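> Handing you this structure, nothing more for now.
The values are calculated or read from the model by the stated rules, or taken from the named source; none is laboratory data. This structure is a prediction, so every number in the text was calculated from the model and none was measured. So basically every Cβ, Gly included, is an ideal-geometry build from the backbone, and we count neighbours across all protein chains shown. Heavy atoms of the whole protein, side chains included, go into the accessibility calculation; ligands, DNA and RNA do not. Shrake-Rupley method; radii C 1.70, N 1.55, O 1.52, S 1.80 Å.
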Amino acid sequence: MNKMFLILQREFLSRVKKKSFLLTTILVPLLFPTIIGVVFYFIKKEDDTAKQKTVQVLDESHSLSMESLAKFKFVSVSGNLDHAKEAFKESDDFALLYIPDYDIEKPEGFRLYAKSNTHFSTINELEGKIRESVKERKLQAYKVDTEILEKLKTSIDLKSLNVSEGGEKENDAGISFIIGYATGFLIYIFMFAYGGQVMQGVIEEKSSKIVEVIVSTVKPFQLMMGKILGVAAVGLFQVIIWIVIVSTFSLIVSAIFGVDISQTSQMADAAQQASNSAETEKFMRLISSIPFTKIILTFIFYFLGGYLLYGSLFAAIGSAVDTPAEAQQFMMPIMMPLIVGIIGMSSVVNNPDGAVSFWLSIIPFTSPIIMMGRIGFGVPWWELALSMSLLIAGFIGTVWLSGRIYRVGILMHGVKVNYKTLAKWFMLKN
Amino acid sequence: METLIVSNISKRYAEHTALDNVSISISPQRIYGLLGPNGAGKTTLIRIINQIIAADEGEILINGEKLSQKHIASIGYLPEERGLYKKMKVGEQLVYLGQLRDLPRKEAIQKSKAWTKKLGIFDWWNKKIEDLSKGMAQKIQFISTVLHEPKLIILDEPFSGFDPVNANLIKDEILELREKGSTIIFSTHRMESVEELCDDIALINKSKLILSGTKVDIKNSYRSNTYIVEHKGPIKDLSAEYSIKEQVTTEYNLQKSTIQMPSEYSPNQLLSSLISNTEVHSFTEKVPSVSEIFISLVEGGSHE
């Protein structure tokens with residue numbers, strides 16, 4: 001055990017001390033938020049710089065309120081329509097809105113004159129304004145008390161809750177999907193990145209011929225496990241640094257954005273503020289309802305479990321070949337289940353509790369990816385327990401299998417290796 | 001007590017037997033030559049002693065104790081297929097390999113420094129192996145083998161790839177280690193270094209031990225009362241007990257005859273009868289070299 005720790009330590013330090021480690025560890029987490037941040041910054045800037053546009057209103061019904069909207073300012077003009085149009089053409093204003101003296105039972109004849117093609121969102125907004133005004137007049141005509149009507153307005157927020165796991169929690173498919181897909185994809189990348197490092201390390205030891213010196217002091221299994229766990233420690237270390245950097249970064253970002261949200265809500269009118277705060281509240285509640293701790297812990301479990309499962313297979317391949325080029329022929333069977341996992345992700349998204357999702361998240365070869373995809377939607381505890389135990393059993397199995405191939409493989413040089421040879425090595429007694 | 005006793009070791013693979021009932025015993029402070037053609041089973045035996053692979057049958061005792069994990073600290077092994085971590089620094093590497101042989105870290109550092117100073121490579125302590133010349137890497141490899149002062153040092157083709165200067169340096173170190181109490185197993189194809197260094201010899205051929213003992217005893221047992229005489233003029237009438245095996249003319253215009261005589265005769269008797277016959281320039285006993293014994297046994301074996 002002591003010597004396995006020595007090996008683990010060497011594997012860990014020799015990787016962590018590399019400049020490339022420092023670079024990827026710092027750059028990767030800064031890269032994505034920076035890109036997103038830059039995009040957000042420009043979108044926001046564009047919104048801020050958009051000026052209020054002036055709309056001239058020729059209101060023959062004398063019913064439209066002249067209160068400004070966020071994007072539009074309204075100026076009342078008088079005279080007949082032809083005059084108004086002429087005047088509008090000479091002005092710098094954005095548009096001319098014509099409201100005829102309409103019949104409230106049959107509101108027709110509204111016109112918007114603009115100097116360019118009008119965006120549908122503008123039409124939408126102005127239609128809304130007119131609709132409000134027509135409604136107002138109807139209420140008066142039907143003698144409905146606006147105050148009572150105001151009281152009838154009820155804001156209903158239907159929380160969608162998942163009760164399958166004992167505790168009730170609110171879920172949101174969109175956010176769960178994004179988090180699940182991102183974490184599943186990360187696991188997929190890590191399997192290849194760190195598994196590949198294990199394989200490369202084994203090939204390096206074999207080709208530099210230090211391996212016989214080492215196995216005369218430790219058991220091949222200890223050497224293999226020391227390497228696998230050493231690289232795992234590097235991966236875990238890197239992931240933890242990333243989590244710390246990303247959460248610090250997002251704290252800073254949300255602090256900046258948080259201030260902005262309060263500023264805009266101050267400017268907005270009372271009605272808007274009410275609906276805004278309901279939505280903001282819902283958003284905040286959803287964010288806080290995401291079980292980050294649970295997701296991070298599950299992520300670390302499936303990352304380690306999946307890595308041990310595939311890492312040991314990578315080690316076995318490394319031990320069997322002399323060069324990375326030779327290793328290619330054995331990569332296919334390892335890549336297949338991982339690719340199936342990534343493809344299976346789309347069916348998880350459509351139906352997180354379906355049969356495909358269930359089985360892919362139970363089978364150890366795909367469960368690290370698929371279970372991460374499902375976890376945000378809520379997974380019954382027994383399925384999670386089954387999947388986790390099978391993953392543990394799975395990696396114990398592959399570690400055992402790989403250990404048997406590895407102990408023979410590392411001492412073999414210049415042997416043409418195929419699956420039959422591997423099977424023979426596996427069967428070989430000590 | 002014997003440093004190493006290998007008794008009745010056998011190792012079989014699916015298609016062939018690598019070692020068939022091999023037994024050897026090695027006394028303390030001896031240099032033991034393990035000889036045999038390629039594929040005879042030497043490396044298998046060495047790997048079994050190093051606990052890299054396990055024997056199917058038989059037992060190995062080190063200083064009277066059954067071979068186990070704790071003996072890793074008292075064995076030093078320089079394999080034929082050897083190398084170092086190329087990206088690792090000289091000092092780090094030696095300390096790491098020392099620690100794998102159960103040296104405490106502090107002691108490993110101190111001993112590594114002492115050895116690198118002794119072999120004149122201390123200045124390279126912080127250099128990576130890949131930046132070193134091959135000769136220096138070989139010295140480091142040797143240091144890593146003996147760093148933990150092993151009682152039993154196993155060297156598989158130690159001089160292969162060494163330049164003559166370094167080979168000599170290592171040879172002197174090996175002799176010094178023996179003086180200090182180590183026992184050395186020495187596996188090689190280079191017969192001149194066996195002749196020069198080994199006290200004992202074992203010959204393995206086709207997975208069987210076919211010869212073992214002290215070098216002197218073995219050579220003696222292969223003496224055949226044969227003498228080589230250089231002389232001027234023909235040997236006219238030598239009595240019939242002496243048989244002339246071979247006769248050639250040397251570049252100095254002398255005759256060189258190989259003469260065998262019955263074992264009860266003494267060399268003086270042969271010499272006196274030669275002197276009366278011809279003009280003798282030199283007279284030596286023909287003692288077989290290890291190489292000759294090796295070749296005769298291995299080739300003889302292949303005729304079976």
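> Can you say whether A:Lys294 is open to solvent by 50 Å² or more (accessible area, probe 1.4 Å) and modelled with pLDDT of 80 or more, as far as the supplied structure shows?
Answer is yes for this residue.
> Considering (1) crowded, with 17+ Cβ neighbours inside 10 Å; (2) out of contact with any Ser or Thr (no Cβ under 6 Å at 6 or more places or on another chain); (3) closer than 24 Å to B:Ser207 by Cα, say which one B:Leu84 fails and leave the rest.
(3)
> Among what's in the range B:82-108 and is more than 7 Å from every other protein chain (Cβ to nearest Cβ) and free of Cβ contacts under 8 Å to residues at least 24 places away in the same chain, pick the residue that is nearest to B:Ile143 (Cα to Cα).
Looking at the filtered set, the residue picked out is B:Val95.
> Let me ask another. Could you list, in sequence order, the residues of the range B:245-275 that are surrounded by fewer than 16 Cβ atoms within 10 Å (Cβ to Cβ), assigned to a loop (DSSP other than H, G, I, E, B) and not aromatic (Phe, Trp, Tyr)?
The answer is B:Thr250, B:Glu251, B:Asn253, B:Pro262, B:Ser263, B:Glu264, B:Ser266.
> Anything in the range A:16-31 that is in a helix (DSSP H, G or I) and either open to solvent by 50 Å² or more (accessible area, probe 1.4 Å) or within 10 Å of another protein chain (Cβ to nearest Cβ) (or both)? List them, or say none.
Those that are in a helix (DSSP H, G or I) and either open to solvent by 50 Å² or more (accessible area, probe 1.4 Å) or within 10 Å of another protein chain (Cβ to nearest Cβ) (or both): A:Lys19, A:Ser20, A:Leu22, A:Leu23, A:Thr24, A:Ile26, A:Leu27, A:Val28, A:Leu30, A:Leu31.
One line per residue, one yes/no per condition, for (1) on the phi > 0 side of the Ramachandran plot; (2) open to solvent by 40 Å² or more (accessible area, probe 1.4 Å); (3) in a helix (DSSP H, G or I):
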| site | (1), (2), (3) |
| --- | --- |
| A:Ser389 | no, yes, yes |
| A:Ile392 | no, yes, yes |
| A:Leu411 | no, no, no |
| A:Gly414 | yes, yes, no |
| A:Lys420 | no, yes, yes |
| A:Phe426 | no, yes, yes |
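> Return the pair list, or none, for Cβ contacts closer than 9 Å from residues in the range A:304-325 that are assigned to a helix (DSSP H, G or I) to residues that are charged (D, E, K, R) and crowded, with 24+ Cβ neighbours inside 10 Å, at least 6 apart or on different chains.
Final answer for the pair search is A:Gly311/A:Lys227; A:Ala315/A:Lys227; A:Gly318/A:Lys206; A:Ser319/A:Lys206.
> Can I ask one more? Could you list all residues from the range A:373-421 that are within 14 Å of chain B (Cβ to nearest Cβ) and in contact (Cβ under 8 Å) with a residue 12 or more places away in the chain?
Listed by number, the residues that qualify are A:Arg404, A:Tyr406, A:Arg407, A:Val408, A:Gly409, A:Ile410, A:Leu411, A:Met412, A:His413, A:Gly414, A:Thr421.
> Would you point out the residue of the range A:69-86, among those that are in contact (Cβ under 8 Å) with a residue 12 or more places away in the chain and in a helix (DSSP H, G or I), that is least open to solvent (accessible area, probe 1.4 Å)?
A:Ala84
> Please verify whether A:Met332 is farther than 21 Å from A:Thr183 by Cα, open to solvent by 70 Å² or more (accessible area, probe 1.4 Å) and away from every other protein chain (no Cβ under 14 Å), treating the condition exactly as stated.
Yes; evaluated as a whole, the condition is true for this residue.
> Looking only at residues in the range B:13-28 that are open to solvent by 60 Å² or more (accessible area, probe 1.4 Å) and farther than 18 Å from B:Ser212 by Cβ, which one is farthest from the other protein chains (Cβ to nearest Cβ)?
Per the stated criteria, the residue is B:His16.
> All but one of (1) at the interface with another protein chain (Cβ under 9 Å from one of its Cβ atoms); (2) open to solvent by less than 10 Å² (accessible area, probe 1.4 Å) hold for B:Ala40; state the number of the condition that does not hold.
(1)
> Further question on the same structure: Among the residues of the range A:205-218, are any over 14 Å from the mean Cα position of the chain (by Cα), open to solvent by less than 10 Å² (accessible area, probe 1.4 Å), more than 8 Å from chain B (Cβ to nearest Cβ) and within 30 Å of A:Met372 (Cα to Cα)?
For the range A:205-218, residues over 14 Å from the mean Cα position of the chain (by Cα), open to solvent by less than 10 Å² (accessible area, probe 1.4 Å), more than 8 Å from chain B (Cβ to nearest Cβ) and within 30 Å of A:Met372 (Cα to Cα): absent.
> If B:Pro79 satisfies every condition in (1) facing another protein chain (nearest Cβ under 10 Å); (2) over 22 Å from A:Lys17 (Cα atoms); (3) free of Cβ contacts under 8 Å to residues at least 24 places away in the same chain but one, which is the exception?
With (1) facing another protein chain (nearest Cβ under 10 Å); (2) over 22 Å from A:Lys17 (Cα atoms); (3) free of Cβ contacts under 8 Å to residues at least 24 places away in the same chain applied to B:Pro79, the lone miss is (3).
> Let me ask another. Considering the range A:51-67 alone, what residues qualify as being surrounded by fewer than 14 Cβ atoms within 10 Å (Cβ to Cβ) and polar (S, T, N, Q)?
A:Gln52, A:Ser65
> Now for a separate question. Do you know which residues across the range A:185-211 are touching a helix residue (DSSP H, G or I) at 6+ places or on another chain (Cβ under 8 Å), under 22 Å from B:Lys86 (Cβ atoms) and of a type outside the set (Gly, Ala, Ser)?
A:Tyr194, A:Gln197, A:Val198, A:Met199, A:Gln200, A:Val202, A:Ile203, A:Glu205, A:Lys206, A:Val211
> Sticking with this one: Please determine whether any residue of the range B:56-63 is within 12 Å of chain A (Cβ to nearest Cβ), touching a residue at least 12 places away in the same chain (Cβ under 8 Å) and closer than 30 Å to B:Thr214 by Cα.
Yes, the conditions are met somewhere in the range B:56-63.
> Taking the options A:Thr398, A:Thr366, name whichever one is open to solvent by less than 30 Å² (accessible area, probe 1.4 Å) and closer than 20 Å to A:Val202 by Cα.
Step by step, each of A:Thr398, A:Thr366 is checked, and only A:Thr398 is open to solvent by less than 30 Å² (accessible area, probe 1.4 Å) and closer than 20 Å to A:Val202 by Cα.
> For the range B:110-226, give me every one of the helices (runs of 4 or more DSSP H) that falls completely inside it and has 3 or more residues that are open to solvent by less than 30 Å² (accessible area, probe 1.4 Å).
Once the helices (runs of 4 or more DSSP H) in the range B:110-226 are filtered for at least 3 residues that are open to solvent by less than 30 Å² (accessible area, probe 1.4 Å), what remains is B:134-146, B:164-179, B:191-197.
> List the number of the failed condition for A:Gly378; all other conditions in (1) on the phi < 0 side of the Ramachandran plot; (2) open to solvent by less than 10 Å² (accessible area, probe 1.4 Å) hold.
So the condition that A:Gly378 fails would be (1).
> Still on this structure, please answer the following. For residues that are aliphatic (A, V, I, L, M) and buried (at least 16 other Cβ atoms within 10 Å of the Cβ), scanning just the range B:43-55, find the one that is nearest to the other protein chains (Cβ to nearest Cβ).
Going through the qualifying residues, I end up with B:Ile52.
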